[in-house]
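To keep things clear, I will list the structure first and then write my remarks on it.
The values are calculated or read from the model by the stated rules, or taken from the named source; none is laboratory data. Everything numeric here is computed off the predicted structure, so don't read it as measured data. No Cβ is skipped: glycine too gets one built from the backbone with ideal geometry, and neighbour counts run over all protein chains shown. Remember, those area values only see protein heavy atoms, side chains included, never the ligands or the DNA or RNA. Shrake-Rupley method; radii C 1.70, N 1.55, O 1.52, S 1.80 Å.
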Amino acid sequence: MRSKAKALTISLAIISSISLQSVLANETWKKQNSHSRVAKTDNLNYSQIVNEDVTRFQNFFVKKFPNVEFEEFNNGVYAIDSESREQWIEMEDFPPYELAVDEGKILFEQKFDNGKSYADCFPDFKKGVRQNYPRFDQKTNQVVTLELAINQCREANNTAPLAYESEEITSISGYLAFLSRGNKFNLQVNSINAYNAYLAGKRFYYSKRGQLNFACSDCHIKITGTKLRADTVSPGLGHPTGMPVYRSKWGELGSIGRRYQECNKNVRAVPFDLQSEVYRNLEYFQTIMSNGLEVNGPSSRK
Amino acid sequence: MKPIQTLTFFALVFLALVLAPSKSYSENSSDIIKTISQAENLRLEASKLGFEWTTTRILLADAQKALKAGNKEKANQLAKRAFNEAESAIKQAKFAQQHWNKSAL
């Protein structure tokens, strides 16, 4: 009888101990889970996290190229390659994008059928708007580039959007960039959705792809400043500031998206569509990394 | 070695060479079509992940062309290369998902 009671007591003790452990573990899990949920939504200061990224990114290039002034990084490879820089300065005497800027001005001033114009969509265009793009639109939950904003303006005025990389859209973008010269980029990430877009762009930048297994960062961080065949690899800092860019190879103005496609093809990765979400997020990340640099688009490159 | 033994030896070598089965291509068309189809499915998976390689489509197109022309050996080689490439692209995507942050500044 005694042994039965003893066994019962031991069993009860074990059961209560297990239950207690289970309750405690559940409570701990709830606390941890609740903490991580909150941390993922409300408690993080996205702006601060991103600004820390910006500081690390920019410090890398400042240390890597100690003889280059920070402000110079918006000149791409010409900030670090003195020989190419001389040729580029000579080329800038008669800028090859000049006609496109003039054409952009004419197109920008044209009225839509409803009597409105681009100026109604970009009221601050004279002060410059390029430095505000790409921006994260909370309403549509996406990154809006300047080219996308131009087309959104057309659609809002019952006008068909322009084909990306068409002469018209790059000229208008070039004109708006020209008016924004000297303004500094200072994009901020202030919401979880904006942060996720930023993070997607960052992830793309550091992910190896294509048959050659190269990430954007492999060329523009790891081996920047060295030669790839006859060309010096440009630093990753400042890439978007001179967009749209007139490339001698293209013989016309083109957007950063076109350049992304070209880079992807170079490493034998299937490129994404122009103005695809992937490339817009990448442009968002890259532009944020260039915060503090001046707009100097349109620019010219080899 | 006696002349008779030498003669027998060379005769045996000769017979072995003559009677040895000649190299023939054993893969049949349906197997090659199956490899092409599997490679195509993997290519699509790599594409969905955003990591497709430009070279895989070319290999697949060339494999189909070779098969149509009756060059089964070439078709099979190309299909297998396409399969391996597409598989590598998927591995690359999975690796990037887990490790991209390690190279971030």
| field | The listed residue being among the hydroxyl-bearing types (Ser, Thr, Tyr), touching a residue at least 60 places away in the same chain (Cβ under 8 Å), in a loop (DSSP other than H, G, I, E, B) and open to solvent by less than 70 Å² (accessible area, probe 1.4 Å), out of A:Thr159, A:Thr224 | value | A:Thr224
| Selected residue (only one of B:Ala61, B:Ala75 is open to solvent by less than 40 Å² (accessible area, probe 1.4 Å) and among the aliphatic types (A, V, I, L, M)) | B:Ala75
| field | Test for A:Asn193: is it open to solvent by 20 Å² or more (accessible area, probe 1.4 Å), out of contact with any helix residue (DSSP H, G or I) (no Cβ under 6 Å at 6 or more places or on another chain) and not in a loop (DSSP other than H, G, I, E, B) | value | yes
| With B:Ala89, B:Ala82, B:Ala93 as the choices, which residue is in contact (Cβ under 8 Å) with a residue 24 or more places away in the chain, within 13 Å of chain A (Cβ to nearest Cβ), farther than 25 Å from B:Asp31 by Cα and of a type in the set (A, V, I, L, M)? | B:Ala93
| task | Report whether or not A:Phe204 is part of a strand (DSSP E or B) and either in contact (Cβ under 8 Å) with a residue 12 or more places away in the chain or assigned by TED's automatic domain parsing to the domain that holds A:Gly251 (or both). | result | no
| message | Exactly one condition in (1) at pLDDT 95 or above; (2) open to solvent by less than 20 Å² (accessible area, probe 1.4 Å); (3) not assigned by TED's automatic domain parsing to the domain that holds A:Ile169 is false for A:Phe122; which is it? | response | (3)
| request: For residues that are open to solvent by 70 Å² or more (accessible area, probe 1.4 Å) and basic (Lys, Arg), scanning just the stretch A:127-156, find the one that is nearest to A:Gln110 (Cα to Cα). | output: A:Lys127
| task | Answer yes or no: is there a residue in the stretch A:199-207 that is open to solvent by 10 Å² or more (accessible area, probe 1.4 Å) and away from chain B (no Cβ under 12 Å). | result | no
| field | Residue in the stretch A:244-255 that is at pLDDT 95 or above, assigned to a helix (DSSP H, G or I) and open to solvent by less than 10 Å² (accessible area, probe 1.4 Å) present | value | no
| message | From the list A:Leu237, A:Leu212, A:Leu274, A:Leu199, exactly one residue is touching a helix residue (DSSP H, G or I) at 6+ places or on another chain (Cβ under 9 Å) and outside any loop (DSSP other than H, G, I, E, B). Which is it? | response | A:Leu199
| request: Give just the number: which of (1) more than 21 Å from the chain's Cα centre (by Cα); (2) under 24 Å from A:Gly292 (Cβ atoms) does A:Asn158 not satisfy? | output: (2)
